[in-house]
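Enquirer: Okay, here's the structure, questions in a sec.
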Amino acid sequence: MQHFPIFVAMAGRTVTLAGGGDVVLAKLRILMKSAASLHVFAADPCEELRDLHRAGKITLTERTLAPGDAAGSVLFYAATGDIMEDKRLGEIARADGVMSNLVDNLEDSEFITPAIVDRDPVTVAIGTEGAAPVLARAIKRDLEERLPTNLGTLARIGKTFRRAADRLPFGRKRRDFWSDYYFGKGPTALSEGGEDALRPALENLLEAHLAQAPRKGSVAFVGAGPGDPDLLTLKARKLLHEADVVVYDRLVTGPILDLARREAEMIDVGKEGFGTHTSQTEINALITGHALAGAQVVRLKSGDPSVYGRLDEEITTCEKAGVDWFVVPGITAASAAAASIGQPLTARGRNAGLRLLTGHDVNGFADQDWASLTAEGAVAVFYMSKRAARFLQGRLLMHGASPETPVSVVENASRPEERIIAATLGTLEPTLSRANLSGPAVLMYGLAPRGAAAALPDLQLEAL
Ligand code: SAH
């Protein structure tokens, strides 16, 4: 973030501008919505500026800005339409200790003005650091359509009721009250009875909320999918949005965590493949503890929570503690990796069944029913198998699997860093070790990436 968004207090303060034509008028139009006093310096002002001055909307001084003129102002805009002149004036303002903006000159400006959606007192500021004004305009248009024009009224009346609503305990209870007002009772009361209906609606709503029994906490076991935030379910998104506490694993990516409510308590219980940061007992105590205290807990697990996620242990803990729980499925790594290599996980005439296996279990490298995997067309997806690849290769060859059997390894499926390694059982190692994978990966036994890759074993399809 090269530019940090803030909202500047304007009441009782002055914004100084320099310029006498259209450029300054355009800036004034937006600044006149604020509570600031506006002072324009222009040696040769246009008629509209004089009109604004006569109407008392601005103060106009008919000469070029000089040192000392901007002193004490909160902001300065150089808007003469002449880049060099703007630069000179910007330096004068800066010497007066005022932050300056040179219109259409991002590089020499100390601050920039965002695109604004105005539902006063609700204001949305959109910035793209000058990279894509078109994008900012499109977002603005989108928000203009989406935010009801009466939102400002709701917020203004709501603000006068804040003190009264403090009778509700801080946290979820109070939040529920306000979201009920803004997204339920408020808009209805406003459209049915106009602005005057809002205060009585707030009073009724508060009584109703005060009478409600305290909400029970719960634990949602939520699948975060393979990493791409677009692969979250709508339900997962919604729960993240409402969570009081999010307990998440190492493989859950940053962009997904960013979707959690800003006030939510985020607890990283990151488990490394070998060794554990937080013990399972501690995790169990964490989730039930928070839920018993009334929190909506989201236990966020990568992929699908029911696949290699120790879900049963955590559910049992909830049951023992008498905590309500439910599961929200997610896209498991095998599905994401299959999508990446363009292969179905089952295919008529090839494999009627599919096995999800782990390269490791509590005892080390996991033993499997190897003989059954050597059957023609067999498909298995191995999780947690990077280090077990040589062991798998050895066991399968020993049981008679063909060295030509395709094996694809997909690292970081669905993420920007995704890599696909196409090999055969015979070449799996040392190909895999040479590829030096650092991210999570699944090994897809019996599947080759669709297309050219099938004919070219050992090819790394980094750009696929
Ligand atoms: N519940 C998860 C699996 C957790 S076990 C799921 O359903 O996907 C952790 C293993 O999942 C990793 O060792 C790796 O084998 C696999 N994995 C998780 N995310 C992955 C990704 N984005 N790409 C490839 N493999 C992934």
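Any read-out appearing in this document is the output of simple, stated calculations on the displayed coordinates, not a laboratory observation. Only a predicted model underlies this, so the values are computations on that prediction, with no experimental measurement involved. Because the Cβ atoms are built from the backbone with ideal geometry, glycine has one as well, and the counts that use them run over all protein chains shown.
Enquirer: Once the Cα gyration tensor of segment 330-400 is found, what semi-axes does its equivalent ellipsoid get, as square roots of 5 times the eigenvalues, in whole Å, sorted largest first?
Expert: Taking √(5λ) for each Cα gyration eigenvalue gives 21, 17, 10 Å.
Enquirer: Now for a separate question. Enumerate the whole-percent occupancy of each 5 Å bin, from 0 to the last occupied one, for all C-alpha pair distances of segment 14-113.
Expert: Pairs per bin, as whole percents: 3, 15, 28, 28, 18, 6, 1, 0.
Enquirer: Any aspartates and glutamates with Cα under 12 Å of the K173 Cα? List them, leaving off those in the same chain fewer than 8 positions away.
Expert: D244
Enquirer: Quick one: if the Förster radius is 60 Å, what FRET efficiency do M32 and T374 give, using the C-beta to C-beta distance and rounding to 0.05?
Expert: According to the calculation, E is roughly 0.15.
Enquirer: Moving on to the next point. Give the cross-link partners of K301 among the lysines, using a straight C-alpha distance below 26 Å as the criterion and excluding same-chain residues fewer than 8 apart.
Expert: Excluding near neighbours in sequence, the set is K216, K235, K238, K271, K320, K386.
Enquirer: Using unit Cβ charges (K, R positive; D, E negative) and no other charged atoms, how large, in debye to the nearest 20, is the dipole of segment 218-331 about its Cα centre?
Expert: On the way: 11 positive and 17 negative charges, 26 e Å.
Approximately 120 debye in magnitude.
Enquirer: Skipping prolines and chain starts, which residues have an amide H placed within reach, meaning under 5 Å, of the one on T59, given they are 5 or more residues away or on another chain?
Expert: Amide H neighbours of T59: L38, H39, V40.
Enquirer: Along the Cα-to-C-beta direction of T160, a point sits 7 Å from the Cα; which residues of segment 168-195 have their amide N less than 11 Å from that point?
Expert: 195
Enquirer: At what distance in nm do the modelled label points of A95 and T128 sit from each other, each positioned 7 Å from its Cα along Cα→Cβ?
Expert: Here the modelled spin labels are 3.7 nm apart.
Enquirer: Over 16 Å apart: what share of the alpha carbon pairs of segment 151-211 falls there, rounded to a whole percent?
Expert: Details: 613 of 1830 pairs.
Value for segment 151-211 (Cα pairs over 16 Å): 33 percent.
Enquirer: What is segment 234-362 by shape, rounded, prolate or oblate, if you read a ≥ b ≥ c off the alpha carbon gyration tensor as root eigenvalues and call it rounded for a/c under 1.5, prolate for a/b larger than b/c, and oblate otherwise?
Expert: prolate
Enquirer: In whole Hz, what ³J(HN,Hα) sequence does segment 167-175 give by Karplus (6.51, -1.76, 1.60; θ = phi - 60°), x for Gly and Pro?
Expert: 5, 7, x, 4, x, 4, 4, 6, 4
Enquirer: So if R0 is 56 Å, what FRET efficiency would V74 and E404 give, r being the distance between their Cβ atoms, rounded to the nearest 0.05?
Expert: Values: r = 74 Å, r/R0 = 1.31.
For V74 and E404, the calculated efficiency is 0.15.
Enquirer: Straight-line reach from K57: which lysines have Cα under 26 Å away, leaving out those fewer than 8 places along the same chain?
Expert: Cα-Cα hits under 26 Å: K27, K33.
Enquirer: Work out how far the C-alpha atoms of segment 92-153 reach from end to end along every principal axis, then list the three figures in whole Å, largest first.
Expert: 43, 26, 12
Enquirer: Same structure, new question: On the Cα set of the chain, report Rg and Dmax in Å, please.
Expert: 30.8, 95
Enquirer: Report, for segment 1-122, the % of DSSP beta bridges that are antiparallel, rounded to 5.
Expert: DSSP beta bridges in segment 1-122 are roughly 5 percent antiparallel.
Enquirer: Please report the antiparallel percentage of DSSP beta bridges with both residues in segment 218-331, rounded to the nearest 5.
Expert: Here the antiparallel bridges make up roughly 10 percent for segment 218-331.
Enquirer: Then there is this: Of the DSSP beta bridges with both residues in the chain, give the percent that are antiparallel, rounding to the nearest 5.
Expert: Of the beta bridges lying entirely in the chain, close to 40 percent run antiparallel.
Enquirer: Something else about it: Please identify the chymotrypsin sites (Phe, Trp or Tyr not before Pro) of segment 228-318 that satisfy two criteria: DSSP loop assignment and at most 11 other Cβ atoms within 10 Å. Which are they?
Expert: Qualifying residues, ordered by number: F274.
Enquirer: Take the Cα pairs of segment 112-256, get the Kirkwood Rh, then feed it into Stokes-Einstein at 4 °C and 1.567 mPa s and tell me D in µm²/s. Working shown, then result.
Expert: On the way: Rh = 18.3 Å.
D, rounded to a whole number, is 71 µm²/s.
Enquirer: Kindly state, to the nearest 0.05, the FRET efficiency for D51 paired with Y182, given R0 = 41 Å and r defined as their beta-carbon distance.
Expert: Once the sixth-power term is evaluated, E becomes 0.55.
Enquirer: Which value, in debye to the nearest 20, gives the size of the charge dipole of the chain about its Cα centre, when Lys and Arg are +1 and Asp and Glu are -1 at the Cβ?
Expert: My answer is approximately 1000 debye.
Enquirer: Separate question: Going by alpha carbons, how many degrees (0 to 90, nearest 10) lie between the helix axis of 83-95 and the longest principal axis of the chain?
Expert: 80 degrees
Enquirer: To continue, here is another question. Give the long-range amide H neighbours of T405: residues separated by 5 or more places, or on another chain, with amide H under 5 Å away, using H modelled in the peptide plane at 1.01 Å from N.
Expert: Long-range HN contacts for T405: L425, G426.
Enquirer: Add +1 for every Lys or Arg and -1 for every Asp or Glu among the other residues with Cβ under 9 Å from the Cβ of D367, and state the total. Mind dumping the intermediate values first?
Expert: On the way: positive: R395; negative: D361, D369.
Here the charged neighbours net out to -1.
Enquirer: Right, another one. About its Cα centre, how strong a charge dipole does segment 1-154 have in debye, to the nearest 20, once Lys and Arg get +1 and Asp and Glu get -1 at the Cβ?
Expert: Here the size comes out at about 520 debye.
Enquirer: Here is a follow-up. If you plug each phi of segment 112-128 into the Karplus form 6.51 cos²θ - 1.76 cosθ + 1.60 with θ = phi - 60°, what whole-Hz ³J(HN,Hα) values come out, in order, with x for Gly and Pro?
Expert: Each residue of segment 112-128 in turn: 10, 9, x, 6, 10, 9, 9, 10, 2, x, 8, 10, 10, 10, 10, x, 10 Hz.
Enquirer: Continuing with the same structure: In percent, how large is the relative contact order of the chain, given Cα pairs closer than 8 Å and 6 or more residues apart?
Expert: 9 percent
Enquirer: So for segment 304-454, taking the charge dipole from beta-carbon charges (+1 Lys/Arg, -1 Asp/Glu), which of S306, A321, L396 sits furthest toward the positive end?
Expert: Towards the positive end, the residue furthest out is L396.
Enquirer: Still on this model: If you take the square roots of the eigenvalues of the alpha-carbon gyration tensor of segment 334-462 and sort them as a ≥ b ≥ c, do you get rounded (a/c under 1.5), prolate (a/b over b/c) or oblate? Walk me through the numbers before you get to the answer.
Expert: Working: a/c = 1.34, a/b = 1.11, b/c = 1.20.
It comes out rounded by the Cα gyration axes.
Enquirer: Projecting each Cα onto the charge dipole of segment 151-211 (Lys/Arg +1, Asp/Glu -1 at the beta carbon, about the Cα centre), which of Y181, L206, F170 comes out farthest on the positive side?
Expert: F170
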